Structures are given as structure tokens and as C-alpha cells.
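Worksheet: one structure, shown below.
The values are calculated or read from the model by the stated rules, or taken from the named source; none is laboratory data. Keep in mind that what you see is a predicted model, and the values were worked out from it rather than measured. Reconstructed Cβ throughout: ideal geometry from the backbone, glycine too, with neighbour counts over all protein chains shown. We work out accessible area using only protein heavy atoms, side chains counted, and drop any ligands, DNA or RNA first. Shrake-Rupley method; radii C 1.70, N 1.55, O 1.52, S 1.80 Å.
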Amino acid sequence: MSRVRIAQLSCGPEYSGVQKEINDAAAAVDAEIFFPDIRLADVRRNFTSFGLNVRSPDLKLAIARAKGLVEGQLEADAVFIATCFRCAEAAIVRNELRRYIHENSTLPVVSYSFTERTTSGTLLTRMEALTTIARRRALLARERQEGLTMGVDSGSSTTKAIVMQDNRIIGTGWLPTTEVIGSAEAVMATALKEAGVNREDIQAVGTTGYGRFLVGEKIRADLIQEELTVNSKGAVFLADCQKGPATVIDIGGMDNKAISVQDGIPGTFTMGGICAGASGRFLEMTSKRLGVDITELGPLALKGMSRNVPMNSYCIVFGTQSLVNALAAGNSREDVAAAACHSVAEQVFEQQLQEVDIKEPVIMVGGSSLIGGLVKAMGDLLQTQIVVPQYSQYIGAVGAALLASGYKKFQSGG
Amino acid sequence: MANVFIYPATSLILSDLVARFGHKPLGSALSVREHIQTAGFDSPPLQITPEDAKKGLKYAAVEVPSGVRGRMSLYGPLIEAAEGAIIVNDADYAFGCMGCARTNELIMFLVRQRGIPVLDLNYPANEKEGEEFVAAIKSFLDTLGETA
């Protein structure tokens, strides 16, 4: 498949001045956005039979098109659902259509609520994931790492590298991201040294994360891939649940990802980063204010009771204010740490996890998965035992090393 | 000749009727054409830019979805310029269709706030009602011509 055709189901982007941004994001990943043609009679029939009696005609059209795609009246490789941020009617349609398409077809689908400030850059990672699932399903089905490969995850907070050989991790490298290329070169050197191999011995390299393009071009990576699909693969590989359903949660430094996975391939996913009060960055600030290293925050939180401290701000500034007030009121550091973890987990739960179908096992990955208090808070909210696999903080790098091992074979049609 | 706002604003039939009876129809064709013919923008398909959603703040507050404000940047000025309005309720999609129900509610409210003559009609269900529909529009527009 060369050019991926993405059907757009939407209300409002052309009137918000962001349709061009959507088109540009799709074009950047060699995809084409199109509005599926549908007969007027089918609009009426499909809308009525779907049963969600909304009033906005553009939403009625989106529903009719969704039914057309699922029932085979219309053809597409993937689906992009976009409606205005803050519109309740559209939010209901967006969620129901995403669920309907996911449950009744194999079409990859992503939804997004935009404002007039939405840019193609904001949409790029989502479009890239959408087209990857459509275009490289065979690659994503890969379950074993073969040969000697390396993965580099250039994240917003930290940079990680992994060297793998014949399905085993043999080298790791981890550093806070400062200078993008410099941090990547340093972690690669550490991972290679630990693995006891030279750069030229590596058969394939994959990059992911915010700095994936810059690092990927610099080190001539074989595969440059967004973190949604890569993290999904890494998570199910490390948690050893490549068959069946799973849910992957990655609370990152700058944004959070929640991915519903089936047989190792992402189905629906959300990627949010509107408010820093729901990010790993807030936990970093909490640990600084409490005077502990971030690695000590989790054990501290596990000794506290979150309900003793009111804290649930979307905003990192107001969240920190709550934290300072709680300490000034005489609350223990343990309770404050627990409240901070609960606050982040609760907001991810409320803002993002409602948009994906949570299916067990729930796997938490990324650096924040090492904060025990956060994992417990999320487990309490979801009423499940969260899985945190070994090497979970290296998830992107593991996924990149795994996918890179199959990429050359995939390219050659093997 | 009076400026007559039409609803649905996308209705070419309604626009044509107003023009045939000697008045200036104010609808999507007019406002969208202005946008599309404005040189220098590259924001297909309607050439509406994020700036238009900000212009819509005149009619709807910032917490209102951007799609509503963008639409109001098109229709708000038309309502302000209108000397009369024809509103067709529950129109068939083929007659003319306005995509956002919230915008439509606001348009209806603003039209009535203006205090201009308004003709409210139900979409005709058969040929007889269709004839009455056209006759009512003609009669309204004739009256409007006398007062304009």
C-alpha cells in the first residue's frame, strides 16, 4: 500500500480554519484525507438505523458515513474523526463512532477534538500512527526480535537506548534529554558498551520519540517511527501478552498515551497533553518540592493516604499550589506524595481512559511506571492489577529495536 | 430592493426566489464567495482561517466551539446587514442544510433580536403546500419592497 486513504468524519474543521492543517498532517505521512461520498438516501437510512438522534446535520452525515464504511458501501484504509473541542453533542458522536468502527471493522481509527489553534504538528504523531497501522500491519504483527538491533527513544524528558540480540535485551542506556543528538549519542554509547558490541555490528536501528526524526537522520536509522505504535509493541513484548487484548498506559513528561491493543496492534488510542497537572512533569515538581529524588517518590507515596489531601488540579501551577498549601497545613510528606500520584492518575483516567476501551491486562510503561504510588493509584481507579514489565522505562527503545529487526525484511517483502 | 437573510443560508432555491422577486439574498453563497475570492489565503476548502474563528468572538464567547464561531464569522455580518429574513424550518437536506445545530440556534436568536420582518415557513410536504410556500414568499417580499 503506498498512499493511505483516510476517510474524514467531522463537524467544524473547515469552519475553524484547521482543515488545511489536517490535510497537511496527512500529506506529511504520505496519506490523503478524503470526505467519503454518500448518497442522500443512504444518509437518511444510515443515520436512522444507527439510532443516535443528534440534531447537527454534519454529525448526522458523519454517522451515515461511519455506517457506510463499516457496512462496505464506502472504502478507506483508515478513519479520522474530528469535531470541535467543547461541543458536547459532537463529543458523544465522536466517542460512539470511534467505538462503533473499532468494534465492527478492522479500520484503524483515531479521533481528535480541535480548536482553531490546532496545527499540523499537533496532529502529525496521530496521523503517523494511523497510517502505520494501515500500511504496516504485517510489520506490527512481528512478535520476535531477530539478529542484533538497537532502538533509541528520544523523549521529551529522557533519552533511552536498547541493544537487543535474538529476542533478549543485552544493553541499556538512559539519560535526561538535554541536547537531543548529544543525549542520543551518549545513551547509545552506554548501551553498546553494556552489550559489548560495536556500532558497526548493529544490523538495524529504529528511533522513536519527539526527537525521532533528528536522531534518526543523524544516525541513519532504518526505521523512524512514532511512539504510539512503537510503545504498543514494546509493551506487549515485555509483558509477554502479544496475543489477545491489552491496554497500554504511558504517562509521559509532556503527554500521555492510552492505547487499546489487540494482538499487539493498536486499535484505538488517545494522546493528550493539554494540561501539565496530569503529566509526569507534575510528579517531578512534586518530588523536588518534597526534597526527594523522583525514584523515592513512589515508595513515599505508598506509605501515604491520598484522600487526606485534596489535590486534583488540571494545571501544574495550581497543583503545586495545592501541594504547598497541604504541606503548610501540616499534612505529611507521604500523604502529599500519595495525593500527587492520585491526582495525576485520576486526571488521566477522567480525560483519556474514557476514550479507549480498557481491557485487561493493563500495562503501564515509561519512566512514570516506576513510581509505585502512581501505579497503585491507577490500579485503584481501574479496579485492576496493573502490569509493569521489567525494562518498562525503556519501552520505546525496546519497541523500536523489535520493529527495526523486521523492517528490512518487511521492506523487501519478506 | 432589500437585503434578505435566508435560512437555510445554503439554499440555492431560496436564494434564487429572493433574487427573482427583486431583492438581494444574504446567504452562504455570498459570504463563502467573498472568502474564496480573497487572494492570499491558502486554507481550503472555504478559505476560512483561524482568524475567522476569532472574528466570530463578536457573536459567541471564547468557550463556544471554534466551529460555531467560524460559522458565525460568515453569518453574523449577514444578519447585521439584513432588512428582512425568510426562515424555512425542518427543510429537506436537498433544499439546504446548515451543519451545526448550535450555530443554527444562535442564528435564529440573532435574527429575531434584530427586530426585522421575518417570514417563518415550514418546508412543504406536497405540491399544494409547495405552491403556497412560493406564494407566501412572494407576498412577503412584495411587502418588504414597499417598506424598503
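Per-peptide packing, taken as the mean over residues of other Cβ atoms within 10 Å, places B:7-18, B:42-53 in the sequence B:7-18, B:42-53 from highest down. Comparing mean-square fluctuations of A:Glu179, A:Glu146, A:Glu355 from a GNM of chain A with C-alpha springs under 10 Å, the top value falls on A:Glu179.
Estimated purely from DSSP H runs of n ≥ 4, each contributing -39500 (n - 2.57), the mean residue ellipticity at 222 nm for the protein assembly as shown is -14500 deg cm²/dmol once divided by its residues.
Per residue, the convex hull around the alpha carbon atoms of the range A:127-241 comes to 99 Å³.
For the range B:73-148 versus the range B:1-63, the spacing of their alpha-carbon centroids is 15 Å. Rolling a 1.4 Å probe over the protein heavy atoms of chain B, with every protein chain left in place, gives an accessible area that is 55 percent carbon and sulfur.
Here the calculated FRET efficiency for A:Lys218 and A:Gln321, from their Cβ-Cβ distance with R0 = 45 Å, stands at 0.65, rounded to the nearest 0.05.
The alpha-carbon of A:Lys359 sits under 16 angstrom from the alpha-carbons of these aspartates and glutamates, leaving out residues fewer than 8 places away in its chain: A:Glu103, A:Asp240, A:Asp250, A:Asp263, A:Asp380.
With each label modelled as a point 7 angstrom along the Cα→C-beta vector, the A:Arg117-A:Arg307 pair spans 3.7 nm. Working from Cα pairs under 8 Å separated by at least six residues, relative contact order for the range A:241-388 is 29 percent.
In chain A, excluding the sites themselves, the longest stretch lacking any of the trypsin sites (Lys or Arg not before Pro) that are in a DSSP loop with at most 11 other Cβ atoms within 10 Å is A:244-414. Note on A:Glu32/A:Ser332: beta-carbon distance plugged into 1/(1 + (r/R0)^6) with R0 of 41 Å gives a FRET efficiency of 0.10. Label separation (A:Gln203 vs B:Thr143): 8.5 nm, computed from points 7 Å beyond Cα along the C-beta direction. Listed by chain and number, the aspartates and glutamates whose alpha-carbon sits under 18 Å from that of B:Lys138, ignoring those within fewer than 8 places in the same chain, are B:Asp16, B:Glu83, B:Asp120, B:Glu127, B:Glu129, B:Glu146.
Projected area of the protein assembly as shown, taken from the Cα convex hull and averaged over every viewing direction, in nm²?
Values: hull surface 116.3 nm².
Seen from a random direction, the Cα hull of the protein assembly as shown projects 29.1 nm² on average.
Which value, in square angstrom to the nearest 100, describes the accessible area buried between chains B and A on both sides, using a 1.4 angstrom probe?
Numbers: alone 8210 and 17510 Å², together 23540 Å².
Buried area (both sides, nearest 100 Å²): 2200 Å².
Here's the picture: a label point sits 7 Å out from the Cα of B:Ala94 along the beta-carbon direction, and within the range B:108-133 the residues with their amide nitrogen under 17 Å of it are B:123-131. For B:Ala2, nonlocal amide neighbours, meaning residues 5 or more places apart or on other chains whose placed amide H falls under 5 Å from its own, are B:Lys24.
For chain A, the per residue solvent-accessible surface stands at 40 Å², with DNA, RNA and ligands left out and a 1.4 Å probe. Computed from backbone phi with θ = phi - 60° and the Karplus coefficients 6.51, -1.76 and 1.60, the 3J(HN,Hα) list for the range A:281-295 is 4, 5, 6, 4, 5, 4, 5, 5, 5, 7, x, 10, 5, 4, 6 Hz; x is used for glycine and proline. When every Cα-Cα distance of the range A:366-408 is counted in 5 angstrom steps from zero, the calculated P(r) takes the values 5, 22, 21, 17, 13, 10, 7, 4, 1 percent. According to the Kirkwood relation over distinct C-alpha pairs, the hydrodynamic radius of the range A:224-360 is 15.7 Å. Taking the centroid of alpha carbons for each part, the range A:65-128 and the range A:308-367 are 29 Å apart.
Could you give the size of the charge dipole of chain A about its Cα centre, using +1 on the Cβ of each K and R and -1 on the Cβ of each D and E, expressed in debye and rounded to the nearest 20?
On the way: 41 positive and 44 negative charges, 88 e Å.
In total the dipole reaches around 420 debye.
Within straight-line reach of A:Lys20, meaning a Cα separation under 18 Å, sit the following lysines at least 8 residues removed in sequence or on another chain: B:Lys54. Taking the Cα centre of each part, how many Å lie between the range A:1-63 and the range A:218-295? Cα centroid of the range A:1-63 versus Cα centroid of the range A:218-295: 29 Å apart. With each label modelled as a point 7 angstrom along the Cα→C-beta vector, the A:Glu179-B:Asn126 pair spans 8.4 nm.
Overall size of the range B:3-147 from C-alpha positions, given as principal axis extents largest first: 44, 31, 29 Å. Pairs of lysine residues in the range A:179-303 that meet both criteria, 8 or more places apart or on different chains and Cα atoms under 27 Å apart, total 9. Of all DSSP beta bridges confined to the protein assembly as shown, the antiparallel ones make up roughly 40%.
Here the dipole of the range A:95-201 is about 340 debye; that uses its Cα centre as origin and unit charges on the Cβ of Lys and Arg (positive) and Asp and Glu (negative).
Start at zero, step by 5 Å, and the Cα-Cα distances of the range B:17-83 spread as 4, 17, 23, 22, 17, 10, 6, 1, 0 percent across the bins.
Of the beta bridges DSSP finds with both residues in the range A:65-205, what % are antiparallel, to the nearest 5? It would help to have the intermediate numbers written out before the result.
Numbers: 15 of 23 bridges.
Bridges in the range A:65-205 that DSSP calls antiparallel: roughly 65 percent.
Here r is the Cβ-Cβ distance between A:Asp380 and B:Ala136 and R0 is 60 Å; the resulting FRET efficiency, rounded to 0.05, is 0.40.
With no other cysteine's Cβ closer than 4.7 Å, which Cys residues of the protein assembly as shown count as lacking a disulfide-compatible partner? So, A:Cys11, A:Cys241, A:Cys275, A:Cys315, A:Cys341, B:Cys97, B:Cys100. Ratio of Rg to Rh for the range A:174-300: 1.00 [Cα atoms; Kirkwood radius as inverse mean 1/r over pairs]. In chain A, taking the dipole from charged Cβ atoms about the Cα centre, the farthest positive-side position among A:Val93, A:Met150, A:Ala28 is held by A:Val93. Mean sequence separation of contacting Cα pairs (under 8 Å, at least six apart), scaled by the length of chain A, corresponds to a relative contact order of 16 percent.
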